[in-house]
Amino acid sequence: MKSVKLGTGLAFWGDSLRPAIDMVERADIQYLCCDHLAELTMSILSKQKSRKPDLGYTTDIIPFLRGVLPKCHERGIKIISNAGGSNPEACAEKVIELCRELGLHGMKVATVTGDDIMDRVDGLLADGIEFANTDTGQQLADIRDKVTQANVYTGCDGIVEALEQGADIVICGRVTDAALYLGPMRHELGWAADDWQSLGAGTGVAHCIECGGQASGGLYSGGWQDMNNLSSLGYPVTEVFENGEATLSKTPQTGGSVTVGTVSEQLVYEVLDPANYLTADVVSDVSQIKLDQVGPDQVHIHNVKGKPAPATLKVNMGYRAGFVGETQFTYTWPDAIKKAKAGLQFLNERLEQVNFKSSATRVEYVGHNSMWGPEVSDPPEDPDIEEIVVRFAARCPTKEEAQKVFTESVPLYNNGPAGASGIGTRPPIKELYGIWPCLIPRELITIKTTVTRVTP
Amino acid sequence: MTVRVWDLAHGRSGDKGDICNIGLIARSDEAYERLCRQVTSQRLRDHFGALIKGDVDRYELPNIKALNFVCKGALDGGGTLSLRSDHLGKVMYTWLLRMELDDE
C-alpha cells in the first residue's frame, strides 16, 4: 500500500529546534511539517509588520532552516511551514537568501497566501458578511475600529499546488495546523479534494502529531515518571497509509515514549466535539478512533471518519483590548500571610490615591493558589508558613494606567508592612489582544501559490 | 477510602479562545464506566465553581476510554486576555483529577 512518512518539526513559535535536527539526521521521513502559529501569534506578527514592512513572520524559521536544510537537501526532505504568518512573501525572501548563502541553488521555495483579509473586511461587511462573533454572537461593529488583523484558517489546497509544482520548501500564512500535514498526504497518496473519508482520517492523524512532543511523552500525566530522557524528547515520525490509517513513532535514540496513553492525551488536547472536528478541508470524526500499540514506541491509528467540509471557513480577527499591569512581592515568616494581605491593602490604597482605572484585577498567592485564584480558595492564616508570594494583575484601558500597578507597588520596599522583597525590576507593559472568531463563506477566499527557484 | 478521579484516569487540558477543554483518559474499562456514570457535565461544573462561567458539554470517545469536557467561559476571557497565571488552561485538568467520587 502507498504511504508517506511525515515528521513533526516544530509545534509552536519558540519550540526547540533540536528534535527536528535529530529527526532529519536519524529518522526516515519525506516531509518535515512545522507549525509556528498560535491564536495570539498572528496579532503579534501583524503588529511587527505594521512597524516594519519586512517583518511579520516567525523569525525562528531562519535558525531552524539553518539547522536542518543542508540535511533535508541531501536527503530530499521537503519542508512545510506556516512561518509566513502575516507576511509569507517577506519570509520566503529571507528563506531564499538563506538557501543562496548555504549554496543550495535550484531549491524551489513556494509561498501560499490568500488567508489575510484585513483589507477586505469593510467591503465584505458592506456586502452583508456579518463577521458576528461565533462565541458570543456580538456584532463586529462593537470592536471594528480596534481590529488589527483578520486571517482565515485556510486548508491544504495551496500546499498541494506548491508540491505539484515541485516545491522543496512551502511557506504559508494562516493555514490550519492540520493542513501542514494533510497537504503532503493528499499530494503523495492521491486523495481527491472531496475524498472526505480519507481527508477526515488524515486530519485525525494530523491532530495527533501537530503538537510535537505532546504525543511522544511530553506533558504525559499518565506516567511522567516513566518517561526517560525528556530533555532530549523525540518528536513524532508518522507513516500515513493510502487508506487513511497511520503508524505513529518517533525519532530513534531520543527521549520520551510513544504509547496508547501518550497519543490518547494528545488526541483530546484542544478538541471540542470529537465527532465534528471542523477544519477548512474536512470535518473529521475522531469519536470512534482506535489506537493500538503495535511495537515499542509504535502506535497504530485507525477508525477515523470524515464528512464534507463546512460551507464556511473560520476567521480569527485580533483586536486591541487594553494593557495589563502586573507586580509581585514576597513576605516571609513570621506572619507571612498577614503581612501579604496588609501589603495588598497598601497597594490597593495607593492605587486609589492615584485614581487608578482598570476593568478587572486579580490576586494570586503563588505557592498556594496561583493557578486557581480567589475563585477557589483564600490562603490559610497560618502564622508559621515560610513565605508567600503575592501576584497582582490588572487589565487597564491605557499603558499609563497599567504602569501604575508596578509604580505603586515599589514603595512596599520602604514604606509598607515589615519585610517585603522580590518586587524585581519594572516589567515591560504588555498590550492585550482579544481574539474575535467569526465565519466567512469559503467561496470568497482564493488561495494563491507562487513558486520561486533559487538562483545564484 | 476516598476515590478521586486521579485514581481512575489521567488527563490533559488546553484552550480555544475562552473555552477550556479537559480530556480524561480512564485507566481501565471499569474506570471508564464509572467515570461515565459519575463525572457528568453538571458535576464538573459544580466542582469548578466560579472558575467556569459558562456551560459544560461532555463528549465520549469510548474506544480510547476518554471523556472530553468542553467548558465555556473558563479562561477569564481567553488565553490572550486572561489575567490568570494559567491563562491557557494547561493545568485545569488537575483540578478535575482531584475531584472525589461517590462510593459505588
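The values are calculated or read from the model by the stated rules, or taken from the named source; none is laboratory data. As the structure is a computational prediction, the values presented were derived from the model and not from experiment. Heads up, the Cβs are rebuilt from the backbone with ideal geometry, glycines too, and the neighbour counts pull from every protein chain shown. Remember, those area values only see protein heavy atoms, side chains included, never the ligands or the DNA or RNA. Shrake-Rupley method; radii C 1.70, N 1.55, O 1.52, S 1.80 Å.
Observations, loosely collected:
- Taking amide H positions as modeled 1.01 Å from N, with prolines and chain starts lacking one, the residues under 5 Å from A:Leu313 and 5 or more places away or on another chain are A:Ile440, A:Arg442.
- Note that the stretch A:75-191, at 10 °C in a medium of 1.306 mPa s, gets a Stokes-Einstein diffusion coefficient of 100 µm²/s from its Kirkwood radius over C-alpha pairs.
- Antiparallel bridge percentage (DSSP; both residues within the protein assembly as shown; nearest 5): 85 percent
- The distance linking the stretch A:261-333 with the stretch A:42-79 is 24 Å (Cα centroid to Cα centroid, whole angstrom).
- Value of Rg to Rh for the stretch A:171-294 (Rh from inverse mean 1/r over Cα pairs, i.e. Kirkwood): 0.97
- Sorted largest first, the principal axis extents computed over the alpha-carbon atoms of the stretch A:229-302 equal 36, 26, 20 Å.
- What the pair-distance distribution of the stretch A:211-354 shows, using all Cα-Cα distances binned every 5 Å from zero, is 2, 8, 12, 13, 11, 8, 8, 8, 8, 7, 7, 5, 2, 0 percent.
- Within straight-line reach of A:Lys305, meaning a Cα separation under 24 Å, sit the following lysines at least 8 residues removed in sequence or on another chain: A:Lys2, A:Lys5, A:Lys290, A:Lys314, B:Lys16, B:Lys65.
- Whole-percent P(r), chain B, all Cα pairs, 10 Å bins from 0: 17, 50, 27, 6, 0.
- Net charge in the neighbourhood of B:Ala50 (other residues with Cβ under 15 Å of its Cβ; Lys, Arg +1, Asp, Glu -1) is -3.
- Against chain B, whose longest principal axis comes from its Cα atoms, helix B:29-38 is set at around 60 degrees.
- Relative contact order (%) - the stretch A:317-434, alpha-carbon pairs under 8 angstrom, separation at least six: 47 percent
- Diffusion coefficient, µm² s⁻¹, Stokes-Einstein with Kirkwood Rh over alpha-carbon pairs of the stretch A:1-119 at 37 °C and 0.692 mPa s: 220 µm²/s
- Evaluating kT/(6 pi eta Rh) at 10 °C and 1.306 mPa s, with the Kirkwood radius of chain A over Cα pairs in the Stokes-Einstein relation, gives 66 µm² s⁻¹.
- Length-normalised contact order of chain B in % [C-alpha pairs under 8 Å, at least 6 apart]: 40 percent
- By a 1.4 Å probe calculation restricted to protein chains, A:Thr361 has an accessible surface near 80 Å², given to the nearest 10.
- Averaging the sequence gap over all C-alpha pairs within less than 8 Å and six or more residues apart, then dividing by the number of residues, gives chain A a relative contact order of 18 percent.
- Averaged over the residues of A:371-378, the number of partner chain Cβ atoms lying within 10 Å of the residue Cβ comes to 5.
- Computed from phi, the 3J(HN,Hα) profile of the stretch A:407-412 under the Karplus parametrisation 6.51, -1.76, 1.60 (θ = phi - 60°) reads 3, 7, 8, 4, x, 4 Hz, with x in place of Gly and Pro.
- Each Lys and Arg Cβ is given +1 and each Asp and Glu Cβ -1; about its Cα centre, the stretch A:317-434 then shows a dipole of about 600 debye.
- ³J(HN,Hα) computed for each position of the stretch A:271-276 - Karplus, 6.51 cos²θ - 1.76 cosθ + 1.60, integer Hz, glycine/proline x: 10, 9, 7, x, 7, 9
- Whole-Hz ³J(HN,Hα) from phi, Karplus 6.51 cos²θ - 1.76 cosθ + 1.60, for the stretch A:50-57, glycine and proline x: 5, 8, 8, x, 9, 10, x, 10
- Averaging 1/r over each pair of different alpha-carbon atoms in the stretch A:309-426 and inverting the result gives 15.5 Å, the Kirkwood hydrodynamic radius.
- Sorting B:89-102, A:21-34 by their mean Cβ neighbour count within 10 Å, with the most densely packed peptide first, gives A:21-34, B:89-102.
- Pairwise centroid distance, computed over Cα atoms, of the stretch A:361-399 with the stretch A:419-456, Å: 29 Å
- Farthest toward the positive end of the dipole of chain A, out of A:Gly202, A:Gln30, A:Thr148, is the Cα of A:Thr148, where the dipole comes from beta carbon charges about the Cα centre.
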